[in-house]
Amino acid sequence: MPETGSKISVKVSPRGFLINRDQTGHSSEWMDAGSVFTAPELRSEYEEAEVSTFTPSVTLVPSDFHIPGNERNLLACVAAVSDDDSVFCEPAPGLDAVLIWSSGPESPLAGAVVQTLKLSGCQKVRVLPELYRLLRHIPLVQQYNKVLCSYDGRVLCLVIAEGKSLRLCSTFRADSFTTAEYWIFDAVKSLQLNMEMTDIFFATPLSEEEEISLCSYFRSVDIIY
């Protein structure tokens, strides 16, 4: 039987996956796709599991503009969506809006993670875009100006808020961390936020070099789970 309240979160991208067990308060390093069948964390029993993907095909739509059944057309306004892509939607946490997204190149790995978790006894498994997890962190971060990011080496997921007010929620193509930093700096400057008074939070691991680079611009750099 799974431990009461036990939960695991898994981030999935084309480069592999990383695991966060809520009980331990830390995440793993990125693991390759072959590890999905051997990682002991995925073979334990949990009451609940959440799998997040770094799909770049995602948009946030105000609830007033969301018509059930029209998600594919809404997403096609901002991203390339093929007839073979599955399109999903979920109410955005804490907002009067809906997240709409399509499956990406990480879908086969995400499916394997979901199947492994279910075979291990977890029947409640949700698959969501990584932006959903970042939005959920907004009220949990006490600082007023906050930049929340996840980066998988290919896609930067970026959320910026002032207090509880959302200013930006988007993804950017970034084949290097330098490019990811460019998108972050550009977004912060375009919103006229003072970086020296702004805190940045990453939901993915940072190298020492990356953390030092960010510390040169922001008031603080922290990891969130």
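The values are calculated or read from the model by the stated rules, or taken from the named source; none is laboratory data. Quick caveat, the model's predicted, so the values are computed rather than measured. Note that we place each Cβ from the backbone using ideal geometry, even for glycine, and neighbour counts take in every protein chain shown. Keep in mind that these areas ignore ligands, DNA and RNA; they rest on the heavy atoms of the full protein, side chains included. Shrake-Rupley method; radii C 1.70, N 1.55, O 1.52, S 1.80 Å.
May I ask you to list pairs of residues, at least six apart or on different chains, whose Cβ atoms are under 8 Å apart, with the first in the range 164-183 being of a type outside the set (D, E, K, R) and at pLDDT below 95 and the second being in a strand (DSSP E or B) and open to solvent by 40 Å² or more (accessible area, probe 1.4 Å)?
That search, which allows pairs on different chains as well, returns nothing.
Taking the stated definitions as given, is LEU191 touching a strand residue (DSSP E or B) at 6+ places or on another chain (Cβ under 9 Å) and open to solvent by less than 10 Å² (accessible area, probe 1.4 Å)? Explain how you work it out, then say what you get.
On the way: touching a strand residue (DSSP E or B) at 6+ places or on another chain (Cβ under 9 Å): yes; open to solvent by less than 10 Å² (accessible area, probe 1.4 Å): no.
No; evaluated as a whole, the condition is false for this residue.
Do you know which residues across the range 149-188 are within 17 Å of PHE54 (Cβ to Cβ) and loosely packed, with under 12 Cβ neighbours inside 10 Å?
Across the range 149-188, the qualifying residues are ARG173, ASP175, SER176.
Can we say PRO56 is farther than 21 Å from ASP152 by Cα and either surrounded by fewer than 17 Cβ atoms within 10 Å (Cβ to Cβ) or under 19 Å from the mean Cα position of the chain (by Cα) (or both)?
Numbers: farther than 21 Å from ASP152 by Cα: no; either surrounded by fewer than 17 Cβ atoms within 10 Å (Cβ to Cβ) or under 19 Å from the mean Cα position of the chain (by Cα) (or both): yes.
The answer is no for PRO56.
Pull up the range 61-80, narrow it to residues that are assigned to a helix (DSSP H, G or I) and among the hydrophobic types (A, V, I, L, M, F, W, C), then point me to the one that is nearest to THR171 (Cα to Cα). Reasoning before the result, please.
We begin by selecting, within the range 61-80, every residue assigned to a helix (DSSP H, G or I); these are 63-65, 71-76.
Okay, now just the ones that are also among the hydrophobic types (A, V, I, L, M, F, W, C), so 65, 74-76.
Numbers: PHE65: 21, LEU74: 16, LEU75: 13, ALA76: 15 Å.
The residue in question is LEU75.
Could we say that VAL113 is surrounded by 17 or more Cβ atoms within 10 Å (Cβ to Cβ) and in a loop (DSSP other than H, G, I, E, B) here? Outline the logic, then answer.
Working: surrounded by 17 or more Cβ atoms within 10 Å (Cβ to Cβ): yes; in a loop (DSSP other than H, G, I, E, B): no.
Taking the combined requirement at face value, the residue does not satisfy it.
Which of the residues spanning the range 143-188 are of a type in the set (Val, Ile, Thr) and in a helix (DSSP H, G or I)?
At the first step, the residues of the range 143-188 found to be of a type in the set (Val, Ile, Thr) are 147, 155, 159-160, 171, 178-179, 184, 188.
THR178, THR179, ILE184, VAL188, listed by residue number.
Residues LYS146, LYS124, LYS118: which one is basic (Lys, Arg) and open to solvent by less than 20 Å² (accessible area, probe 1.4 Å)? Write out each step before concluding.
Values: LYS124 fails: open to solvent by less than 20 Å² (accessible area, probe 1.4 Å); LYS118 fails: open to solvent by less than 20 Å² (accessible area, probe 1.4 Å).
One residue alone meets the criteria, LYS146.
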